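Chemist: Structure in structure tokens, see below.
The values are calculated or read from the model by the stated rules, or taken from the named source; none is laboratory data. None of these values were measured; they are calculated from a predicted model. Cβ sites come from the backbone with ideal geometry, for glycine too, and all protein chains shown count toward neighbours.
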Amino acid sequence: MKNKVVLGILLVLLVICVVFVCLFIYFNNKDTNISKKDSVSVNINKDMEIAQSNLRVPKDVVANVPIFMYHFVLDDYGENPDVENFIKPSTLEAQLKYIKENNYEPIFINEIEHLENYTKPVALTFDDVFVYFYDNAYPLIKKYNIKVTLNIIADYINGENYLTTEQIKEMLDSGLVSVESHTLTHRELIYLSDEEKKKEILDSKQKLDDLFDINVSTLCYPVGKYNDTVIDIVKEKYKYGLMMTGGVYNSKKHDLFEIPRIYANRSMSLNTFANYLSTSYVKVTW
């Protein structure tokens, strides 16, 4: 009889212990789950705050951006009469070095509507872009980690002394080069029929988009010549139009289809280059 009583008591104690263990596990898991939910909630809130910050739209942006226009980067211009189009590699290197050492911020042309992200923006654009760019300028671009915009003549690709498809892809992959359109064949648009204008303007974008899986947004007017008809066609597929001259771009003064540039010619001194750079500023109102 005593043995049975003892056994009964032990059995009751065992049941009580099991109940306590189960209750402990239940409440501990509940607290942990609550803690995890709180942690997830905090992380979600932080992610939402970051997203909202990134989506902030400024009330107003007033900016000056010096946009330089280059052509050939080559020491020897041979018998070419357009001597000023041939900037020396050493001159380009001095300019890139100055940009880097003075904390200017190179941008692509397709970033010109987001100047609130910068304080001292500058843009370097290269027209025509024969193979001399790849040979003489691109190594310097990589050395100083400078972003540039190339205005490509679409039908010239893989032609004599021109960039190859592989070279352009390599430069795009670097993240330092943006490719935009300089039309199909570099014909002066104002002298063409409306049908020819459309072919030069619209087909060049399509060709570049297809070749390089990009979305070309800028048309650089050949020889800087354009008119209202040209601009109307450009507006069908592009967001920006580049002039040859006109000085420093101002976000309040200039239209996005008539973006002015500064001619970076062979005779430009580093002091002149630096003076143009000094006009760069961005004022943002949030």
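Chemist: Restricting the search to segment 99-116, which residues are within 12 Å of the chain's Cα centre (by Cα) and either within 19 Å of Y240 (Cα to Cα) or assigned to a loop (DSSP other than H, G, I, E, B) (or both)?
Modeler: Let us first name the residues in segment 99-116 that are within 12 Å of the chain's Cα centre (by Cα), namely 105-115.
P106, I107, F108, I109, N110, E111, I112, E113, H114, L115, listed by residue number.
Chemist: Next up: For segment 117-137, how many residues meet the condition of being modelled with pLDDT of 95 or more and assigned to a helix (DSSP H, G or I)?
Modeler: First, pick out the residues of segment 117-137 that are modelled with pLDDT of 95 or more: 118-137.
Still in the list and also assigned to a helix (DSSP H, G or I): 131-137.
Residues flagged as modelled with pLDDT of 95 or more and assigned to a helix (DSSP H, G or I) within segment 117-137 amount to 7.
Chemist: Moving on to the next point. Going by the conditions given, is I146 over 14 Å from L242 (Cβ atoms) and among the hydrophobic types (A, V, I, L, M, F, W, C)? Can you show your working first?
Modeler: Details: over 14 Å from L242 (Cβ atoms): yes; among the hydrophobic types (A, V, I, L, M, F, W, C): yes.
Here the answer is yes, as I146 does meet what is asked.
Here's the yes/no breakdown for (1) touching a helix residue (DSSP H, G or I) at 6+ places or on another chain (Cβ under 8 Å); (2) surrounded by fewer than 20 Cβ atoms within 10 Å (Cβ to Cβ):
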site	(1), (2)
P81	no, yes
E84	no, yes
T125	yes, no
V131	yes, yes
A137	yes, no
D155	yes, yes
I168	yes, no
